[in-house]
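Notes to accompany the following structure.
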Amino acid sequence: MPSHIFFALGMWDDAIEANVASLATARSQGQGGYHPLEWLAYAYLQKGQQAEAAKLVAIVEQDVAKGPTQANRSSLAYLRAMWIAETGGAAGVNAWPDVSEVGIASIFPFTAQDFMRGLAAARQDRFEEATRYVERLRERTERARNHVAGVVASRYDTVTPEEIEQGVLLAQALEGTIQFAQGDQVAGLARVREAIAISDTLAFEYGPPFPAKPLAELLGDLLLAAGKPDEAAAAYGNSLAVHPNRKLSVEGLTAARAAAWTCRHCAAKGPAGN
């Protein structure tokens, strides 16, 4: 539980220490310990310690290979989404393959992975592939509506209304990113902003971002690419307000402020450097 406080304050060294201990205890008792493992992987990635995070993903991959369960498969899908979000899909983890959803009603880790794979495809101008992920997100969300329930024995056996709403929002944000990448920046930014406005009304808990990449950070990335550094800085600031000391948002904010300063400096000098 102390890790929740450390995440809320962006205290990654303390978060690592707490989750190393929690994971060691869980594994020593024959449990998967996937909750502290995911949080530990995220904290490592915020420190730029990709190799340490990759080792944790490998542990879950080995668990799935030895005996797939609802818990380890769900964790693997989310960890793969996290890896793409934080590293762009760097070598060290094969984050691209599907993870079997058979027997799992909960959809959030699988929507997160589809969302991140779709974003990666859109950024590389693989628009047909990216659009397929939009369709997958919508199809999964529609199927999940049949499994909404109240209290159940296992969280993997049901899906919450929030998960369904989040799936809809991720499809919308991904669609907006595709529009942006295809040249319709105004419509694309509008779609992403609409998704953010709705997501801001949903319940929030400190921890690794649900969709692996905060939507405010995504908006910042798009605005920076569109040559709107002041608006990008505001978006990154909004991301950091709920995900303090998040590495990519900090880097984005720094880049946006630098770009804004350059724009103002050039404007002040006037034509021909006068």
Test for A71: is it of a type in the set (A, V, I, L, M), touching a Gly at 6+ places or on another chain (Cβ under 7 Å) and either closer than 19 Å to Y156 by Cα or surrounded by fewer than 22 Cβ atoms within 10 Å (Cβ to Cβ) (or both): yes
Residue check, A95 against (1) surrounded by fewer than 22 Cβ atoms within 10 Å (Cβ to Cβ); (2) touching a Phe, Trp or Tyr at 6+ places or on another chain (Cβ under 8 Å); (3) aliphatic (A, V, I, L, M), all met but one. Which one? (1)
Contact list, first residue from region 9-25 and within 21 Å of V250 (Cβ to Cβ) and modelled with pLDDT of 95 or more, second anywhere and in a helix (DSSP H, G or I) and open to solvent by 60 Å² or more (accessible area, probe 1.4 Å), beta-carbon distance below 6 Å, six or more apart or interchain, is none
Considering region 204-228 alone, what residues qualify as being open to solvent by 60 Å² or more (accessible area, probe 1.4 Å) and closer than 22 Å to A43 by Cα? F204, E205, Y206
Report yes if L222 is closer than 30 Å to P161 by Cβ and modelled with pLDDT of 95 or more, otherwise no. yes
Considering only residues of region 168-196 that are more than 17 Å from the chain's Cα centre (by Cα) and without any contact (Cβ under 8 Å) to a residue 24 or more places away in the chain, which is most open to solvent (accessible area, probe 1.4 Å)? V186
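Given R126, R140, which one is farther than 20 Å from D200 by Cβ, surrounded by 14 or more Cβ atoms within 10 Å (Cβ to Cβ) and either touching a Phe, Trp or Tyr at 6+ places or on another chain (Cβ under 9 Å) or among the hydrophobic types (A, V, I, L, M, F, W, C) (or both)?
Working: R126 fails: either touching a Phe, Trp or Tyr at 6+ places or on another chain (Cβ under 9 Å) or among the hydrophobic types (A, V, I, L, M, F, W, C) (or both).
One residue alone meets the criteria, R140.
The values are calculated or read from the model by the stated rules, or taken from the named source; none is laboratory data. Worth saying up front: this structure is predicted, and the values here are computed from it rather than measured. Cβ coordinates were reconstructed from backbone atoms using ideal geometry, including for glycine residues, and neighbour counts include every protein chain displayed. We work out accessible area using only protein heavy atoms, side chains counted, and drop any ligands, DNA or RNA first. Shrake-Rupley method; radii C 1.70, N 1.55, O 1.52, S 1.80 Å.
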